[in-house]
Amino acid sequence: MTYINLKNFLKLFITASCFLFANLSTAQTFRILVTNDDGIESPLLISLAQALNELSNIEVVVSAPSENQSGSSHSSIGGPLTVRQTKIEGVTEAYSVSGRPADAVRFGLSQLGKGQDFDLVVSGINRGANVGDVSHLSGTVGAAMEAVCQGVPAIAVSQEINGVDTASSTQFVTELVERYKVDQIQEGTIISVNIPAGEHKGIAIRPMGDSYLDTANYELISTSDSGQIYKRNIALQVSENDETDTFAYQNGYITVTPLKFDWTSYESLEQIRGWNLELSN
C-alpha cells in the first residue's frame, strides 16, 4: 500500500515551486481551462478558478455548463450551444455553455484556445466524491476525459459534500498543478483527486476501486394503466478492499488515481480472436 505523509507531500510541492520561480523569466504562460459539472455558478468552481489564477505565470479561463449537469458522464447534447460570456472576479475570461461538461470542454479547447493552446484542464471542485466505479457516471470525470480525447491533460477534483474546508482543497489542487508543471505524467492520463471530510490522514495513490454507493435498489411505489413507477433508493456501502481508492477515501485519505480513456480489455483480445468469427453467407 502506498501511503504518503501529507507534510512530506507538501514539501515536494514547495521544492517544485522554488524551481518554477527560478525560471519564470523564460517560462511561457501556462494556460488552464477550468470546468465542472455543478454549473458555472458553483462556489467551489469559483474558489478553485480564483486560487489557480493567483499562481505565478498562469492564465485561467473558465468554460462551464450554464446549469447543474451532475451525473452526465461523458455525454453531449449533440446540438447547438448557447454560450454567454460572464464574469468571475479575478479570472481573465469566463463562459457559460448550455451543454454538458464535455461540451463545455470541447467548446473551450476549440474556441478559446486560439492563439495559444491550453496546457491543462482542471475539472471541479465537484460536490461529492467520485471514487470507485462511480467515476464512470461523473460529469466531472467526463469533462476531464473529453480533455484527454482532445489531447490535453486533465485533473478532476471532487470533495465530500459536507465537512470539508474548501480553502484546504483549493490549496491542495494548486500545489498539485505546480507539481504537474514540473513533472508531467503520461499522455492520455487523467489525475482524479478525491478529498474526504474531516482531518486527513495523508495521501493515498490508489487504483479505481469498487463503488461506495449501492444504486441498484428499486422500490415499486405505484401502479397504473400507464405502467409501474419505481423509486431508486441509493445507499452508502463500505469498501473492504484496502488496495483501492474507495477504501482509502472512506478511511480519511485524500486519494489520487490516474485514469485512462482506453477501456479495452487487452487480456481478452487474443481469446476473442481465437473464436474465428466470420460473416454468415
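The values are calculated or read from the model by the stated rules, or taken from the named source; none is laboratory data. Model, not experiment: these values are computed from the prediction. Positions of Cβ are generated from backbone atoms using ideal geometry, with glycine treated the same way; all protein chains shown enter the neighbour counts.
Restricting Val157, Val152, Val148, Val131 to residues that are under 19 Å from Thr29 (Cβ atoms) and of a type in the set (A, V, I, L, M, F, W, C) narrows the list to Val152.
Conditions tested, residue by residue: (1) modelled with pLDDT of 95 or more; (2) more than 17 Å from Ser138 (Cα to Cα); (3) hydroxyl-bearing (Ser, Thr, Tyr).
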| position | (1), (2), (3) |
| --- | --- |
| Cys18 | no, yes, no |
| Leu24 | no, yes, no |
| Val62 | yes, yes, no |
| Gly71 | no, no, no |
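Highlighted here are the strands (runs of 3 or more DSSP E) found entirely within region 164-252 that include at least 1 residues which are within 20 Å of Val141 (Cα to Cα): 189-195, 202-205, 213-224. Of all the numbered requirements in (1) surrounded by fewer than 24 Cβ atoms within 10 Å (Cβ to Cβ); (2) of a type in the set (S, T, N, Q); (3) modelled with pLDDT of 95 or more, Ser123 misses one, and that requirement is (1).
Hey, any hits in region 162-173 for a residue that's closer than 19 Å to Met208 by Cβ and either crowded, with 18+ Cβ neighbours inside 10 Å or among the polar types (S, T, N, Q) (or both)? Among the residues of region 162-173, not one is closer than 19 Å to Met208 by Cβ and either crowded, with 18+ Cβ neighbours inside 10 Å or among the polar types (S, T, N, Q) (or both), which makes the answer no. Summed over region 177-216, the residues that are surrounded by fewer than 17 Cβ atoms within 10 Å (Cβ to Cβ), touching a residue at least 12 places away in the same chain (Cβ under 8 Å) and small (Gly, Ala, Ser) give a count of 4. Scanning region 253-271 for residues that are part of a loop (DSSP other than H, G, I, E, B) and within 22 Å of the chain's Cα centre (by Cα) yields a total of 4. I need the full set of residues from region 153-162 which are farther than 12 Å from Ile191 by Cα and either outside any loop (DSSP other than H, G, I, E, B) or among the basic types (Lys, Arg) (or both), in order please. Residue satisfying the conditions is Gln159 alone.
Annotation note: Cβ proximity below 7 Å between a residue of region 217-245 that is in contact (Cβ under 8 Å) with a residue 24 or more places away in the chain and a residue that is hydroxyl-bearing (Ser, Thr, Tyr) and not in a loop (DSSP other than H, G, I, E, B) (sequence gap 6+ or interchain) occurs for Ser239/Thr246; Asp245/Thr255; Asp245/Thr257. If you go through region 121-152 and keep only what is over 11 Å from the mean Cα position of the chain (by Cα), part of a loop (DSSP other than H, G, I, E, B) and not hydrophobic (A, V, I, L, M, F, W, C), you end up with Gly128, Gln150, Gly151.
Report yes if Glu93 is without any contact (Cβ under 8 Å) to a residue 60 or more places away in the chain, within 20 Å of the chain's Cα centre (by Cα) and surrounded by fewer than 21 Cβ atoms within 10 Å (Cβ to Cβ), otherwise no. Spell out the reasoning first.
Details: without any contact (Cβ under 8 Å) to a residue 60 or more places away in the chain: yes; within 20 Å of the chain's Cα centre (by Cα): no; surrounded by fewer than 21 Cβ atoms within 10 Å (Cβ to Cβ): yes.
It is false that Glu93 is without any contact (Cβ under 8 Å) to a residue 60 or more places away in the chain, within 20 Å of the chain's Cα centre (by Cα) and surrounded by fewer than 21 Cβ atoms within 10 Å (Cβ to Cβ).
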